[in-house]
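The values are calculated or read from the model by the stated rules, or taken from the named source; none is laboratory data. Here the structure is a predicted model, which is why all the values come from computation and not from measurement. In this analysis, Cβ positions are derived from the backbone assuming ideal geometry, glycine residues included, and neighbour counts consider all displayed protein chains. Note: accessible area is taken over every heavy atom of the protein model, side chains too, but ligands, DNA and RNA are not part of it. Shrake-Rupley method; radii C 1.70, N 1.55, O 1.52, S 1.80 Å.
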Amino acid sequence: MTPARWRSAALTALTIQVAGLFAVVAYALWRGNFSEGAWFTAVEAFLSGLVLAWWTAVLRRFLRGWSVAPGDGALRALSVAFPWLTSFRLVLWFLTLLSVVNGAAPDANTVALTALMTVWPASILAGNAVYGTLARLAPNPADLVRRRRLADWLNVAAALSLAMAVFNVVPIAGFSDRPTPGDQLVYGLSGALDVLATLLAMRAVGAAPVGEGR
């Protein structure tokens, strides 16, 4: 496909993903009866939607070969927000790790649980790298080293997102409750869209023109 088609496909998928994340906010609160766990899930989805929206706005200009001024509103918002999202996600992971270490899931499969607790932070850090790399690349889209680095991180993030989607749809017995068909549909589609949008973004970044216009 041409660079324009890759750009259009990636931006369309990312826009749908943003809308999907905000829909997950409402679903998580409704499904969880506004419990504490539901609020954690909803806040994480809401922050993810905001950061992804700003990331998509910056990416849209980068994919056209335009440089983004350091004072640009979307770039500044992205640069401020994504570390908070990463921190919040790592706190959730750490709290879960503490509960596991303290014996919260004695009957869970050790190998599966270890895989989850390893893939989860790796996915968080890969997402952080994707956000941060674009934030540093956007003011200078002709930087080929950072451009390749962004594509590499998107590739890694897509693989880890796929693994996390599997964990969300197929829970670990003895660790998490069996999801309802509705949960599997919502979180399965959300995970699949995340993987698709990330892969399309990776291809679009590789096909983007190198320039310093605008």
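Just one of the listed residues (106, 83, 70) is in contact with a Pro (Cβ under 7 Å, 6 or more places away or on another chain), touching a residue at least 12 places away in the same chain (Cβ under 8 Å) and surrounded by fewer than 18 Cβ atoms within 10 Å (Cβ to Cβ), and it is 70.
Of all residues in the range 168-183, those satisfying the criterion of being open to solvent by 50 Å² or more (accessible area, probe 1.4 Å) and not in a loop (DSSP other than H, G, I, E, B) are 168, 181.
Tell me which residues, restricted to the range 131-175, are of a type in the set (D, E, K, R) and touching a Pro at 6+ places or on another chain (Cβ under 9 Å). Within the range 131-175, 147 is the sole residue that qualifies.
With the structure loaded, tell me whether residue 92 is open to solvent by less than 70 Å² (accessible area, probe 1.4 Å), touching an Asp or Glu at 6+ places or on another chain (Cβ under 9 Å), farther than 30 Å from residue 140 by Cα and not basic (Lys, Arg) or whether it fails that test. Yes, satisfied. Cβ contacts < 8 Å: first residue open to solvent by 60 Å² or more (accessible area, probe 1.4 Å) and at pLDDT below 90, restricted to the range 29-45; second residue of a type in the set (Gly, Ala, Ser) and assigned to a helix (DSSP H, G or I), any location; separation 6+ or different chain. Result? Here the result reads 31/38; 31/182, each pair linking the range 29-45 to a residue that is of a type in the set (Gly, Ala, Ser) and assigned to a helix (DSSP H, G or I).
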